[in-house]
Structures are given as structure tokens and as C-alpha cells.
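Here the structure comes first, spelled out in C-alpha cells, and everything after it is commentary.
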Amino acid sequence: MTRLANKTAVITGGSTGIGFETAKQFIAQGARVIITGQNETRLNAAADALGENAIPVKADVRSRSVAFWPSLTDLDHLTAQVEATFGTLDILFANAGIGYFAPIEQVDEAFYDNQFDINVKGVFFTVQKLVGLLNEGASIILNASAVNEKGVPMGSLYFATKAAVRSFARSLAAELAPRQIRVNAVSPGIVRTNFESKLGLPDGAFEGFMEAVKEAAPLHGLWATLREREGKPEEIAQAVVFLASNESSYVTAVDLVVDGGYMNV
């Protein structure tokens, strides 16, 4: 039985990593999916790999300057494409995000703005632009992070953006409840994707951070017998499928942490 039969979905940042794996599982469960990304070549390759039920739409969640005035041009284009292709929408996975680490002394305004523009502003306006197309009973999933309640050196901005995303899930769930629209966050732990290459960490720093997390998590004893046991993109995608499906019909405003137990022990 397919869990998302005849559902329509949008996944931002759907060309790689967790977004791509989620698109794959959505389609396997019967959904039609629009995936977005900034790199058109990579986006089209992902859509080709996913098959005919994946539609690529090039989109940057950040605002752009149009006639010297900020404009959410790409999100407006995405909304028009969703309406033209699907008419209405059942599932929105606001997944696009970045993360960079730096000592506070080295943070400038551009460094700050880039992370908040994508991870916070981008998530909020993705939901705002598409909310009018969502059917009653639709599901919104926001990609936060297991670090949204943690703190580490050099991670203040990235961690703060993910705390904001988790907060969105609470308030938007309350606001959209009259339409029976559920809003939840999914918070991955350390997951092996190409994301770590975008963190701006010195050589070897990410591996050291990953090892520290693995040591702290309660599943570490099991990991010792495996080649590696950080999370896998498909494991996060399975959690997103649950939040998107009717199996989670009584679940809203939660933060589903998928991190091997790191946050809770």
C-alpha cells in the first residue's frame, strides 16, 4: 500500500542529500513531487534520476534585487509553477538550508545575512508563498536540526537559525490549525551528505565533531561494531514520510529528532 497515493508535494533543496532521498521515498509512496535547487544542472540530473513523477523548478529561497528593490522572485515563480502543475498542494517540505561556522570575531554582516536569509527568511517565505495552495489537512515539514537546543564554539549563527525554524513549527501549527494543516519540524543529527562540505570548517574539523557526537550518543556501543553509524539521508527521509502521511494525523507542532539519541542523553 502506498502511503502518499495521489498526493502532491514540494521539496526545496531537493536535488541532493536529505531532500533528494525524501523525494525518492515520496515518489515510491505514490506522490508527485516538485523539487527545487539553485544549480540547474544538478537539479535536472536529480529529476532525471527520480523519474517522471519528479518536476524540477530552479529556485533560490533568498530574495533578489529587482530594480534596486528586494524581491522574492524565485519563490513567486515556484508558486506559479506549483499552481500550474498541481493546482493545489498536499505536502511542503521546506528543506533548503546552509551552515557555516566561524569564530565570533570573524563574523561580518554578509556572513550573518547569508545564513539567516536562507535558513530563516527562506523557510518562512517558502511557507508564506505556498500556504494559499495547501489543501485542508495538508502537512508542512520544516528541516531544523538536532543542534537547535545545543551550543558549540563557532556555531552560534547556524544553531540560532535552526532554533528559529523549530520555533516556526510551533507558531505556524497554531495559526494553520483552523485549516487542519499540520506543521512539524524534523531535526536530523549528523548525517553523511554533501552538506558538511558547505560548513566552512577547517580540514578535519567536521570529522572531529562527528566523532564527538558519536561518542556522546547512546547508540555508540552499537556503532563500534559497524564501519560507520552516523545517520543516513534515507533514515531522515523515512521520518519525513511519516510526518507527511496520514499516519501522523494527530501530530503537529512537534520536533521529531532523528539523531541516534544525541540530544536526549
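Any read-out appearing in this document is the output of simple, stated calculations on the displayed coordinates, not a laboratory observation. What you see is a predicted model; the values in this text were computed from it and never measured. Every residue, glycine as well, gets a Cβ built from its backbone with ideal geometry; the counts of neighbours run over all protein chains shown.
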_Give me a comma-separated list of calculated 3J(HN,Hα) values for the range 150-164, in order, Karplus coefficients 6.51, -1.76, 1.60 applied at θ = phi - 60°, integers in Hz, x for any Gly or Pro._
10, x, 9, x, 6, x, 4, 6, 4, 5, 5, 5, 6, 5, 5
*Where q = 0.28 Å⁻¹, what log10 of I(q)/I(0) comes from the Debye formula for the range 130-178, counting one point per Cα?*
-1.03
*For V258, what charge total do you get from the other residues with a beta carbon under 12 Å from its beta carbon, if Lys and Arg give +1 and Asp and Glu give -1?*
-4
*asked:* Give the average over all directions of the projected area of the C-alpha convex hull of the range 1-147, one decimal, in nm².
replied: 10.2 nm²
_Can you give me the long-range amide H partners of L256? Hydrogens built in the peptide plane at 1.01 Å from N, cutoff under 5 Å, separation of 5 or more residues or another chain._
A185, V186, S187
*Sorted by Cβ density within 10 Å, fewest first, the residues S15, S249, S187*: S249, S187, S15
_Net charge contributed by nearby residues that have their C-beta within less than 10 Å of V33 (K/R +1, D/E -1)_ = +3
*Stretchable slack from N44 to E109, in nm (0.36 nm times residue separation minus alpha-carbon distance)*: 20.1 nm
*Can you run the Rg to Rh ratio on the range 104-197? Use alpha carbon positions and the Kirkwood inverse-distance Rh.*
1.02
